[in-house]
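Visitor: Have a look at this one.
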Amino acid sequence: MIVTTEQGELDGLRDLDSQVIGAVYDRYYPDVYRYVRYRIGDEHAAEDIASDVFVRLLEASQKGRGPQTNLKAWLLGTASHIVTDHHRRNYRRPTDELTENMLDPLALPVDEFNHREQSRAVRSALKELTPEQQHVLALRFGEGYSLEETAAVMHKNVNAVKALQFRALASLQRGIEEVTHE
Amino acid sequence: MNDKLFNALEICLQALENGETLDAALARFPELGKELRPLLETSHHARTLAAPAVPSDAQRRGRARLLQHAAEMREQKRAPKRTWLYNFRPLAVTLTVLVIFLASTGLVSASSGALPGDNLYQVKRAWEGVRLLTAFTHEAREALHLEYESERLHEVDELLVEGREEPVTFLGYVVTQNKSEWIVAGVPVRITKQTKVSGAAINVGTGVRITGQTDADGFLVAQSIQILPPGTIIPPIDDDENGENDGDEDDIETPATATSTPLPVSTITPTATGTPEPSETPAPTETESETENETETENENENETENENENENENENEGKGGEDDED
């Protein structure tokens, strides 16, 4: 039944059916936005990228390169690629991120300041992980997906995801320590 | 060992997600506490990056953008497929710009009165070619061809008036013929031994292409004369510019379609040798051949007119004949 519904969505996308496109967008946009926002600190950039993901879905469907079965996995996988590309381009312009995260210690309560500093350290460390490690953390802790859902989106088996998340957390931990001690 | 560690981490993560404390979760795996604790603490930090909520305005903007994009894609899909002609669109645009540019300069207008042999004559001919290229209907092209052939005739007339010697080519109907001199579309054409005449039967009324050279004596010395194929656009004769051949041109106003078209042949008809009163015979003969009752009546009324007025009467009659023809 689920497959039939998704097949209908895929057909509708190929036909550029407005109703289907709108329904697909409404259904998956929150997941895509949360995913992108998790990996990107900039709210506006996250909005643009999330929107781009759906435009690419339409274009890929027209060219016959769209998803064949798992629409959500395709969307989040595409989002991952776009975010990675975004990081790569921003790596050459680190001042953008610094501007966002520069804080005035005197302007904030101590707790709030510490919280923000902690978030900055985590995000900095996250960006240093491999795209796959970032991907699994975003799915598990940004989206709140179960192990099985994450495995389905990543096209991996459950044990592989367990191992991947273990290494991802270990790398993140080291990264946070490095950022904190700088 | 690794699998056990991976599984223990997953179990602890689920426990934390279900609201258990870190210590409570780690109590399940006391022997792995040292490895798992920092990872579970890191997972807590990792959860803090999760977006609190999806901004509804961002979602609305994205939706509008997506549907707009879909509409544009549908339009592209519906658009007719590009034909081979579409590939020549840049050429057409370039040509149009070129035409506008040339037309806006004074060069084209300056060349409009150029004659063969003038510096600007090639500009004039090139511009004619450009105008033909930009005439997209059959009617428009035919009108231009007619205009250009009339212009060729005009050029020949101008050259003859100026007594210039220039190579020319023009189209026209044969009006009169004798051995060495023809009149074609009002142009006196001299036939020499070197003139190549194609086709066996060129008669009065035949449409021909004359190639030759104008000379200082007011003749066009023909190098070649070719019969034109049926359907060729041949300009009518402008009688205002060929006063000395008036009678002939009046009949040619309507293009001849057959070789037997009756034409005034007074200039080459032998004079009436057997006529008892030679001085009177030419006038009625010509008048009859040109035809109108009105003219005859006029001549009858003036049958006592002196010989010295004869030429004047002829001119008047011919003029009226021309008007009547037009009517």
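Visitor: Of the numbered conditions (1) touching a residue at least 24 places away in the same chain (Cβ under 8 Å); (2) under 30 Å from residue A:144 (Cα atoms); (3) of a type in the set (Val, Ile, Thr), residue B:48 satisfies every one except a single condition; which is it?
Guide: That leaves (1) as the condition not met.
Visitor: Of the residues B:106, B:117, B:113, only one is touching a strand residue (DSSP E or B) at 6+ places or on another chain (Cβ under 9 Å) and either surrounded by fewer than 16 Cβ atoms within 10 Å (Cβ to Cβ) or modelled with pLDDT under 90 (or both); which? Outline the logic, then answer.
Guide: Details: B:106 fails: touching a strand residue (DSSP E or B) at 6+ places or on another chain (Cβ under 9 Å); B:113 fails: touching a strand residue (DSSP E or B) at 6+ places or on another chain (Cβ under 9 Å).
Going through B:106, B:117, B:113 in turn, just one is touching a strand residue (DSSP E or B) at 6+ places or on another chain (Cβ under 9 Å) and either surrounded by fewer than 16 Cβ atoms within 10 Å (Cβ to Cβ) or modelled with pLDDT under 90 (or both): B:117.
Visitor: Can you pull out every residue in region A:136-171 that is within 25 Å of residue A:33 (Cβ to Cβ), facing chain B (nearest Cβ under 7 Å) and of a type in the set (A, V, I, L, M)?
Guide: A:137, A:147, A:169, listed by residue number.
Visitor: Can you confirm whether residue B:130 is at pLDDT below 85 and either closer than 30 Å to residue B:100 by Cβ or acidic (Asp, Glu) (or both)?
Guide: So residue B:130 fits the description; yes.
Visitor: For region B:91-143, give me each residue that is basic (Lys, Arg) and closer than 20 Å to residue B:157 by Cα.
Guide: Scanning region B:91-143 gives B:124, B:125.
Visitor: Are there any pairs, at least 6 apart or on different chains, whose C-beta atoms fall under 9 Å, with the first in region B:1-29 and within 11 Å of chain A (Cβ to nearest Cβ) and over 19 Å from residue A:151 (Cα atoms) and the second outside any loop (DSSP other than H, G, I, E, B) and not hydrophobic (A, V, I, L, M, F, W, C), and if so, which?
Guide: Taking only residues 6 or more apart or on different chains, the pairs are B:16/B:43; B:16/B:44; B:16/B:47.
Visitor: State whether one or more residues within region A:68-87 are outside the structural domain of residue A:136 (by TED's automatic domain parsing), aliphatic (A, V, I, L, M) and under 15 Å from residue B:69 (Cβ atoms).
Guide: no
Visitor: Considering every residue within region B:88-95, establish whether at least one is among the small types (Gly, Ala, Ser) and either surrounded by 15 or more Cβ atoms within 10 Å (Cβ to Cβ) or within 14 Å of chain A (Cβ to nearest Cβ) (or both).
Guide: no
Visitor: Then there's this: All but one of (1) more than 30 Å from residue B:157 (Cβ to Cβ); (2) touching a residue at least 12 places away in the same chain (Cβ under 8 Å); (3) polar (S, T, N, Q) hold for residue B:59, so report the exception by its number.
Guide: For residue B:59, the failing item is (2).
Visitor: While we're here: For region B:45-60: of the residues being in a helix (DSSP H, G or I) and at the interface with another protein chain (Cβ under 7 Å from one of its Cβ atoms), which is surrounded by the fewest Cβ atoms within 10 Å (Cβ to Cβ)?
Guide: B:48
Visitor: Mind listing whichever residues of region B:186-228 are touching a Gly at 6+ places or on another chain (Cβ under 6 Å), of a type in the set (Gly, Ala, Ser) and either surrounded by fewer than 15 Cβ atoms within 10 Å (Cβ to Cβ) or modelled with pLDDT under 90 (or both)?
Guide: Within region B:186-228, B:216 is the sole residue that qualifies.
Visitor: Mind counting the residues in region A:9-61 that are outside any helix (DSSP H, G or I) and either within 8 Å of chain B (Cβ to nearest Cβ) or modelled with pLDDT of 95 or more (or both)?
Guide: Taking region A:9-61 as the starting set, the residues that turn out to be outside any helix (DSSP H, G or I) are A:15-17, A:40-42.
Pick out the ones that are also either within 8 Å of chain B (Cβ to nearest Cβ) or modelled with pLDDT of 95 or more (or both) and you get A:16.
Final tally of qualifying residues: 1.
Per-residue answers, yes or no, for (1) in contact with a Lys or Arg (Cβ under 6 Å, 6 or more places away or on another chain); (2) in the same structural domain as residue A:40 (by TED's automatic domain parsing); (3) assigned to a helix (DSSP H, G or I); (4) surrounded by 15 or more Cβ atoms within 10 Å (Cβ to Cβ):
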position	(1), (2), (3), (4)
A:125	no, no, yes, yes
A:145	no, no, no, yes
A:160	no, no, yes, no
A:164	no, no, yes, yes
A:172	no, no, yes, yes
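The values are calculated or read from the model by the stated rules, or taken from the named source; none is laboratory data. Predicted model, so just to flag it, every value in this text is computed and none were measured. Every residue, glycine as well, gets a Cβ built from its backbone with ideal geometry; the counts of neighbours run over all protein chains shown.
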